[in-house]
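Asks: Attaching a single structure in structure tokens format; questions to follow.
The values are calculated or read from the model by the stated rules, or taken from the named source; none is laboratory data. Here the structure is a predicted model, which means the values were calculated and not measured. Cβ coordinates were reconstructed from backbone atoms using ideal geometry, including for glycine residues, and neighbour counts include every protein chain displayed.
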Amino acid sequence: MSLVFYLLAALTVAGGLAAMLLKNTVHCALALTVAFAGLALLYLDLDAQFAGFAQLLVYVGAVAILVVFAILLTKGSETPKDGVFSHTWLAGLAVAAAVFAVLAWSILQSVSRLPQAAKAPTVTVQQIGVALISRYVLPLEIVAVLLTVALIGAVIVAMHEKEGGAQ
Amino acid sequence: MLGEGILKGLAETARNFFGSYFSAERLTTVEYPEQRIAPFEAARTFPFLVYDGADWQAGLRCVSCQICEKECPPKCIFIEKSKDKKPDALGKPQFYPVRFEIDISVCMSCQICVEVCPFEAIKMNTEFELSTDDRFGGLLLNREQLAKSNQYYHQIHATEAAEVDARLAAEKAKFDAKAKGAADATVAKAASAAAARAGEGA
Amino acid sequence: MIETADQIFVLLLHWLVSFLPASWQPVASAVLCAAVIVCLFPALFALTVWLERKGLGRMQNRLGPNRVGPFGLLQPIADGIKSLTKEDIVPFSADAAVHFLAPIVLVVTVFMGFAVLPMGRNMVLVDLDAGLLFYFAMGASTELAVFMAGWSSRNKYSLLGAMRAVAQMISYEVVLLLSSVVVVMITGSLSLTRIVEAQSHYSWGLPHWYIFTPWGLAGFVMYAIAATAETNRSPFDLPEGESELVAGYHTEYSGFKFALFFLGEYVAMFSISGLGTTLFLGGWSAPFSFLTWVPSWIWFFSKLMLSIFVFIWLRGTLPRLRQDQLMNFAWKFVLPMCLLNLLVTGLWRFLGDGWLRWVICSAILLLAYAGIALGEQRRKHIGPRSYRYAE
């Protein structure tokens with residue numbers, strides 16, 4: 001529980017809270033990106049290099065852009081005239097507190113069952129690669145098929161719209 | 001082959017890049033104002049008044065007929081005719097302009113004044129570095145600023161000036177011949193009258 | 001003596017840091033290295049701006065700037081002073097916080113990429129095991145800054161420019177990653193120092209750089225295309241071309257913030273050239289075995305400046321690609337070639353040493369290239385133009 005951990009935790013929590021409480025949807029998306037980055041830094045603090053960089057590459061580089069595009073292409077990007085915080089902030093805060101309480105209780109319960117101060121094993125990228133190809137090859141292939149299906153579906157949806165618009 | 005155009009383009013720009021250090025055709029910049037291109041003979045900017053000889057007031061060809069002032073489309077020439085007459089190059093007494101001003105901020109270099117002048121007095125100059133910081137009168141050129149010698153005219157428009165000079169010399173020769181013929185005729189008439197008178201007297 | 005010249009910066013760093021107490025030394029060393037990077041690459045940026053203007057001028061049969069200082073060398077300083085003293089205009093309806101943060105995010109993420117580039121023997125700021133992945137993670141964050149800039153200006157045209165820029169960057173990011181993966185496949189490690197070390201062997205005086213292999217050459221060409229598109233350089237500079245959407249996503253920026261965008265673009269160019277050098281051109285290793293006495297960092301920066309010159313050369317030669325042409329090119333031509341290259345690299349690895357693998361791999365790549373070229377030609381019906389007049 002070092003100083004770095006507290007700082008990163010504060011950053012992540014602040015990002016998450018801002019994502020929930022702000023009125024301007026694009027600001028919320030950007031705050032969510034800060035939360036993702038905070039998570040990635042926490043992974044790096046735990047010496048999980050691959051997970052941290054993959055989190056940055058995938059979440060900040062792709063998912064955040066996706067979220068922002070989705071907001072822009074719908075009506076959510078209309079900027080509110082007044083106020084910084086959304087008017088449902090109390091409800092959001094309550095829900096967040098409830099979820100946090102449940103998760104914290106379950107984690108604290110499980111932590112007390114684990115042996116204390118076990119040094120986490122450093123996992124190299126090579127070990128991850130070997131595990132993916134040998135032990136986890138079926139989930140890898142299923143995920144690949146899922147991604148291909150999603151890509152083809154997106155292309156079909158976009159094509160279909162264009163045809164419909166042309167008619 | 002796909003990509004061939006790109007490679008040819010890259011070769012051409014490389015040739016340009018390395019050639020610009022060696023050949024003048026691959027570096028066409030003229031660094032004005034340290035280097036200048038000589039003006040072409042047919043270049044024109046704004047009009048000027050031609051004078052023959054050394055003294056600009058005595059040799060000014062303009063006789064203040066005011067045709068150019070009337071024909072100028074944007075009306076940028078302002079002429080004031082004199083009250084007295086001065087002898088011109090041919091010896092005939094002519095009017096002269098007391099005030100001849102051209103506003104070159106209005107002049108559009110159409111050359112109509114040059115085309116209509118019957119006395120070859122106004123021609124087009126090639127000077128363009130005329131900017132001034134006097135906003136209200138700096139671009140109104142007066143008689144003295146407009147008068148340039150015939151040698152200057154030869155310098156800037158050689159063939160045109162030679163042709164004009166030939167024409168003026170031919171006119172002068174015709175005028176002289178006519179005057180001489182008239183003088184010969186009067187001399188002959190006087191001689192024949194004197195002979196007739198001498199014949200009658202004898 | 002040669003060793004000293006090669007390691008001079010490392011020795012200098014150790015000597016400077018030795019003045020501090022031992023517990024502070026790692027932090028001080030990292031801070032000093034980072035400070036050097038932050039000072040060096042903007043200086044290189046100023047030099048590159050001058051080089052670009054003069055180089056482009058010569059390619060276009062004219063002189064570049066030559067009035068400010070001898071040969072115009074002080075022109076970047078004049079440009080810098082101009083940028084810093086201009087009024088900083090923020091549109092009234094712009095989103096002030098995001099508008100302010102966008103250039104900062106761009107510059108920060110771009111500079112982070114330098115942390116893993118080995119600029120000489122033992123001269124890498126952080127020797128990460130997953131160095132390549134770190135680099136691409138930082139590159140991905142750059143797109144976010146571009147989007148932030150375009151959206152916060154509250155200007156339709158900026159937003160359009162930003163969307164186009166982000167679409168382009170995402171498409172070519174895929175190409176960039178796939179063309180780098182072949183290097184990882186052969187080296188067996190994501191660490192950039194290992195990749196450079198694997199290329200710094202010589203046989204018959206010639207180096208083992210990956211560009212001298214069929215898959216490496218194909219990978220390098222595709223990496224170069226993707227790098228040009230990632231940094232929004234000509235011919236892929238539609239999002240920021242001056243004759244297009246004014247200045248695209250940085251239209252509404254003036255003064256120092258615009259200078260930061262400009263700086264960010266050029267430093268991204270350095271960073272991606274540096275990565276390309278590391279992956280394909282052998283990083284800090286010398287081209288011939290008899291030239292290894294020249295310090296390693298000189299080789300790295302020479303190759304970097306060579307790449308910059310190629311960027312400038314491309315800019316002076318090629319016309320701009322339209323957005324749909326650019327995207328077609330990425331998804332329909334470069335990406336299939338990238339995937340084929342992956343296959344060919346796998347074949348290379350498992351065919352074992354010898355001339356056979358050279359022949360087979362080169363043949364596959366050339367056939368694919370020729371096949372695609374023929375297919376495109378036939379589809380396009382390139383021939384004399386035919387006209388149809390109105391009746």
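Asks: If you check every pair at least six apart or on different chains, which have Cβ atoms under 6 Å apart with a residue in segment C:67-88 that is free of Cβ contacts under 8 Å to residues at least 60 places away in the same chain first and a residue that is not in a loop (DSSP other than H, G, I, E, B) second?
Replies: What qualifies is C:Val68/C:Gln75; C:Val68/C:Ala78; C:Gln75/C:Trp50; C:Pro76/C:Ala46; C:Pro76/C:Val49; C:Pro76/C:Trp50.
Asks: Which one of these is within 11 Å of another protein chain (Cβ to nearest Cβ) and assigned to a loop (DSSP other than H, G, I, E, B): C:Gly120, C:Gly64, C:Gly57? Spell out how you get there, then give the answer.
Replies: Numbers: C:Gly120 fails: within 11 Å of another protein chain (Cβ to nearest Cβ); C:Gly57 fails: assigned to a loop (DSSP other than H, G, I, E, B).
Result: C:Gly64 is the single residue among C:Gly120, C:Gly64, C:Gly57 that is within 11 Å of another protein chain (Cβ to nearest Cβ) and assigned to a loop (DSSP other than H, G, I, E, B).
Asks: Just give me the residues in segment C:10-27 being assigned to a helix (DSSP H, G or I) and either surrounded by fewer than 16 Cβ atoms within 10 Å (Cβ to Cβ) or out of contact with any helix residue (DSSP H, G or I) (no Cβ under 7 Å at 6 or more places or on another chain) (or both), in sequence order.
Replies: Result: C:Val10, C:Leu11, C:Leu12, C:His14, C:Trp15, C:Leu16, C:Ala22, C:Ser23, C:Trp24, C:Gln25, C:Pro26, C:Val27.
Asks: Quick check, is C:Thr85 among the polar types (S, T, N, Q) and more than 28 Å from C:Leu306 (Cβ to Cβ)?
Replies: Spelling it out, C:Thr85 is indeed among the polar types (S, T, N, Q) and more than 28 Å from C:Leu306 (Cβ to Cβ).
Asks: How do the pairs read when you match residues in segment C:348-372 that are among the polar types (S, T, N, Q) with residues anywhere that are buried (at least 17 other Cβ atoms within 10 Å of the Cβ), using Cβ under 6 Å and keeping only pairs 6 or more apart or on different chains?
Replies: C:Ser362/C:Pro214
Asks: Can you tell me which residue is farthest from the other protein chains (Cβ to nearest Cβ) among those in segment B:6-56 that are part of a helix (DSSP H, G or I) and more than 30 Å from C:Ile225 (Cα to Cα)?
Replies: The selected residue is B:Trp56.
Asks: Here is a list: B:Phe175, B:Phe119, B:Phe136, B:Phe100. Which entry is in a loop (DSSP other than H, G, I, E, B) and under 27 Å from B:Gly59 (Cβ atoms)?
Replies: Just a single option satisfies the conditions, and that option is B:Phe119.
Asks: Of the residues that sit in segment C:155-185 and are among the charged types (D, E, K, R) and within 22 Å of C:Gln325 (Cβ to Cβ), which one is farthest from the other protein chains (Cβ to nearest Cβ)?
Replies: Looking at the filtered set, the residue picked out is C:Arg164.
Asks: Working carefully through the options C:Leu343, C:Leu339, find the one that is over 24 Å from the mean Cα position of the chain (by Cα), part of a helix (DSSP H, G or I), at pLDDT 90 or above and within 20 Å of C:Phe280 (Cα to Cα).
Replies: Going through C:Leu343, C:Leu339 in turn, just one is over 24 Å from the mean Cα position of the chain (by Cα), part of a helix (DSSP H, G or I), at pLDDT 90 or above and within 20 Å of C:Phe280 (Cα to Cα): C:Leu343.
Asks: Would you please name the residue that is surrounded by the most Cβ atoms within 10 Å (Cβ to Cβ), looking only at residues in segment A:25-57 that are in contact (Cβ under 8 Å) with a residue 60 or more places away in the chain and over 23 Å from C:Ile170 (Cβ atoms)?
Replies: A:Gln49
Asks: Does segment C:263-274 contain at least one residue that is surrounded by fewer than 23 Cβ atoms within 10 Å (Cβ to Cβ), free of Cβ contacts under 8 Å to residues at least 40 places away in the same chain and farther than 29 Å from C:Asn122 by Cβ?
Replies: Checked against the condition, which is being surrounded by fewer than 23 Cβ atoms within 10 Å (Cβ to Cβ), free of Cβ contacts under 8 Å to residues at least 40 places away in the same chain and farther than 29 Å from C:Asn122 by Cβ, segment C:263-274 yields at least one hit.
Asks: Note down all Cβ pairs under 6 Å where the first residue falls in segment B:102-114 and is under 12 Å from B:Cys68 (Cα atoms) and free of Cβ contacts under 8 Å to residues at least 60 places away in the same chain, the second is among the hydrophobic types (A, V, I, L, M, F, W, C) and assigned to a strand (DSSP E or B), and they're at least six residues apart or on different chains.
Replies: Filtered contacts from segment B:102-114: B:Ile102/B:Ile77; B:Ile102/B:Leu141.
Asks: Another one. Quick check on segment C:145-154: of everything there that is in a helix (DSSP H, G or I) and buried (at least 24 other Cβ atoms within 10 Å of the Cβ), which residue is farthest from the other protein chains (Cβ to nearest Cβ)?
Replies: C:Ala149
Matching residues to (1) more than 30 Å from C:Ser296 (Cβ to Cβ); (2) away from chain A (no Cβ under 14 Å); (3) not small (Gly, Ala, Ser):
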residue: C:Gly69; (1), (2), (3): yes, yes, no
residue: C:Leu73; (1), (2), (3): no, yes, yes
residue: C:Ser83; (1), (2), (3): yes, yes, no
residue: C:Ala140; (1), (2), (3): no, no, no
